[in-house]
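The values are calculated or read from the model by the stated rules, or taken from the named source; none is laboratory data. These figures come from a predicted structure and were not determined experimentally. Using ideal geometry, Cβ is built from the backbone for each residue, glycine included, and neighbour counts are taken over all protein chains shown. Only protein heavy atoms, including side chains, enter the accessible area calculation; ligands, DNA and RNA are left aside. Shrake-Rupley method; radii C 1.70, N 1.55, O 1.52, S 1.80 Å.
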Amino acid sequence: MSRTRFPEDFVWGTSTSAYQVEGANGEDGRGPSIWDSFSDSGAACDHYHRYPDDVRLMKDLGVGAYRFSVSWPRVLPEGAGRVNPAGLDFYDKLVDELLDAGIKPYVTLYHWDLPQALEERGGWPERDTAYRFADYAQVVHDRLGDRVGTWLTLNEPWVAAFIGHAAGIHAPGRKSAADAFTAAHHMLLGHGLAARALRAAGAAEVGVALNLAPVLTPGQVTGSGKRLSEEDAEAVDRIDQLMHGQFLEPMLRGRYPERLLEIVDRTAGLGHVRDGDLEIIAQPIDLLGVNYYAPCVVQAQPGEPADLAYPGSENILFTTVPTAVTAMGWAIVPSALTLLLGRLSRDYPDLNLMITENGADFADTVTGDGVHDADRVSFIEEHLRALLTAVEQGAKVRGYLVWSLLDCHEWADGYQRRFGLVHVDFGTQRRIMKDSALWYRDVIKRGGLGDDRLRRPTLETVAARARVSRATVSRVVNGEPSVSADARAKVLLAVKELGYVPNAAARSLVTRRTDTIALVLSVPGQRGDALTAAVVHYVTSVLESAGKRITLMLSDTAESHRRIVQHVEAGLVDGVILLPADDTDPLTERLARTDAPIVLLGKPAITSLVPYVDVDNAAGAAAATEHLLRQGRRHIGMVCGPTHLVAVQDRLTGHRDALQRAGLRPHVAPAGLDGESAVAATARLMHDAGRLDAIFASSDELAAGVLRAVEGMGLRVPADLAVVGFGDVAAASWTSPALTTVRVPVAGQAKALARLLLSRLEGRPTTSVVLPASLVVRDSG
Ligand code: FCB
């Protein structure tokens, strides 16, 4: 085996899941799933109708395996009992089509789309669901078992249990640590029962796919060589038990880790773990599916409250590392995959491993001649190299499946994510093979990677093309004046033709690197203080661990703008993080014209100007409005802050669109930023729009003003009128009744901002990050 070749029988393939690609949610007797109302996938990729085309695409790629999931509610619309033959027909045809194309089906039985009927009977926290899952597995096997050899019971039960039941970000959206632990145990039990049933029915291979992310401290990721402190080691171990031990140990060794049991006992009690359960769970498995995307980075942090998704994680900070990230904000650390596979092989030596998911979300651009997703190509290539290293060290890895074949519905993030090898235009359903697909096809044909690393053009390439020395290229690229006009022109032409992006190595060649970052703040007003504090906290800790210093600059006057621009133009900083003023901000535009990498908090008026981090204001406002509509409110007004602010504009748009979809008319009263202006706006709204039964305000300050105004009118909240705000600046503690609002993920934004700047400093092409906002329902509506 040469360095870049893979074992002869290595399986190359792609993955998808039912809810993310099929569409046809209301067709041929499919019952509702918990995701339908949570984040509607609509027509998705219309795979339900276009599967012959998609199989043809895969045949073209030359893949040997396709991992897809069966939709439980398509097969059993009520989750149990009545079988829907039309649902099974679809998978029957899909399997035949795959086999005809020489592609081996890998079937996942549960990829998160629980039938709604079972949720209504208690969902996964209810023990009976485990037994219903085994029945369902049996039904699917009865129909497909003669042609499908490999069965994966569950996909990422940790995510389904904890993101779905503790953090509330995924369906069914519960926020109960006890429910999450109970759900996890019942998923494990369901796995064991289903594995036993499948085996008894003659299944050739049974396995499970887990999300496995090595838990590391920042120092371990960057290889700082520092010894792990006792506290950090404890933090790493605790998170490892919660994410991995909780699933691997019962399945593979028939026991729960002691440390985990302590946490479960404290949060949920242990009554749900019955005698005999662990024997059922520990069915022998033939294959462990590894879904790997990014490491989980933590450190000990006294006083840090537990993260909702990790009940029991008090005193641990989930943090970031100075590496490049995908558009999802996930750190790109291929070496962690080698580490992970090595560890699994050591801990469970007889286990067959397979990468059942790995891939990346990057913002793709469709050009006249294709989708040139160089980032995705290098992501996959680097991970394949990491995998190969693990294989060379003895890990038994049977294959690699890219997530995903198609751009598709990304759960709570909807359609803004693009993980596909194949681009999908969701308006026309047109498919385009991206460069990564064509590249993967070559890898498969060759049975391995090319001998030359597929790289972006380097400094050397530019030097060769321009016929100058490396040092000259480096000087030009880094803006040094001591280069002749002629040489500069040649270099710039070569840079342009080759699409060269200077990287960290090139930068280190020059003496002008400052290792300093400017953090530019507008003088914080009342609004956004929590956000400013979080940005200062995360940006400082991330950048300092990357060896940078921070210069704090205030941008409160025109004079200060001029000073900041001068400072940046003089090359006194490597990059800029900008927290723009509330007003339309000329500073952003002026800084965008300099050469320095800049990232921005909050969407600018011209979105292509600089990469930014923001929350999805429009979707948040739509969610708030839809919530009011679901409660039967029909006369909904909006008190709206200044619309020259992009965030306010987006909130207004989201609100209007939601009303329009419901066939209702908006009633909007303009206000300023402060509560007093909302009092006046509310009075106007009531006067002009007549009898309202709800008011949505574009911020919590305004919502507080609305509450005051409404109280003055003698109306009861929420009986007569519901009030919903936006921003969650801890409003619950200072309004009465406690305010229902849209929560903005403050720490998430701050972390994303720091990562985005690091990506830019490394010279990676970057895309803006838009994080979801979530509705927090309290007493006011
Ligand atoms: C995994 C899921 C998969 C997809 C990728 C990006 O956690 O299994 O469905 O959403 O992440």
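Values computed for the structure shown
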| item | result |
| --- | --- |
| Heavy atoms of Glu544 accessible to a 1.4 Å probe, total area in Å² rounded to 10 | 110 Å² |
| Per-residue ³J(HN,Hα) for region 749-765, Karplus 6.51 cos²θ - 1.76 cosθ + 1.60, θ = phi - 60°, Hz, x for Gly and Pro | 5, 5, 5, 4, 5, 5, 5, 4, 5, 4, 4, 5, 5, 7, x, 7, x |
| Kirkwood hydrodynamic radius over Cα pairs of region 250-315, then Stokes diffusion coefficient at 25 °C and 0.890 mPa s, in µm²/s | 168 µm²/s |
| Percent antiparallel among DSSP beta bridges (both partners in the chain, rounded to 5) | 20 percent |
| Spatially near lysine pairs across the chain, Cα under 29 Å, sequence gap of 8 or more or different chains | 22 |
| Calculated log₁₀ intensity ratio I(q)/I(0) where the Debye formula runs over C-alpha points of the chain, q = 0.06, 0.10 Å⁻¹ | -0.40, -1.14 |
| Coil-residue trypsin sites (Lys or Arg not before Pro) of region 252-334, DSSP, other Cβ within 10 Å capped at 15 | Arg255, Arg274 |
| With every protein chain in place, the chain: carbon and sulfur % of accessible area (1.4 Å) | 50 percent |
| Å² of accessible area per residue within region 270-393, as computed with a 1.4 Å probe and no ligands counted | 35 Å² |
| 5 angstrom amide H check on Lys104, placed H, neighbours 5+ away | Ala65, Tyr66 |
| For peptides 658-669, 566-577, sequence by mean Cβ density within 10 Å, most packed first | 566-577, 658-669 |
| Gap separating the Cα centres of region 363-437 and region 268-341, nearest whole Å | 23 Å |
| Antiparallel content of DSSP bridges confined to region 1-139, in %, to 5 | 10 percent |
| Low-density loop positions, trypsin sites (Lys or Arg not before Pro), region 85-192 - DSSP coil, at most 15 other Cβ in 10 Å | Arg121, Arg147, Lys175 |
| For Leu152, distant residues with modelled amide H under 5 Å away | Val107, Thr108, Leu109, Gly207 |
| Distance from region 1-37 to region 690-704 (C-alpha centre basis), Å | 43 Å |
| For region 613-627, 3J(HN,Hα) per residue [Karplus equation, 6.51 cos²θ - 1.76 cosθ + 1.60, θ = phi - 60°, Hz, x = Gly/Pro] | 10, 8, 9, 7, 5, 5, 5, x, 5, 5, 4, 5, 5, 5, 4 |
| Helical contribution to [θ] at 222 nm, DSSP H n ≥ 4, -39,500 (n - 2.57), averaged over the chain, rounded to 500 | -12500 deg cm²/dmol |
| Exposure of Met328 as accessible area (Å², to 10), given a probe of 1.4 Å and all protein chains | 30 Å² |
| Region 38-62 versus region 537-595: alpha-carbon centroid distance in Å | 45 Å |
| Amide H contacts under 5 Å for Ser33, placed H, 5+ residues apart | Gln116 |
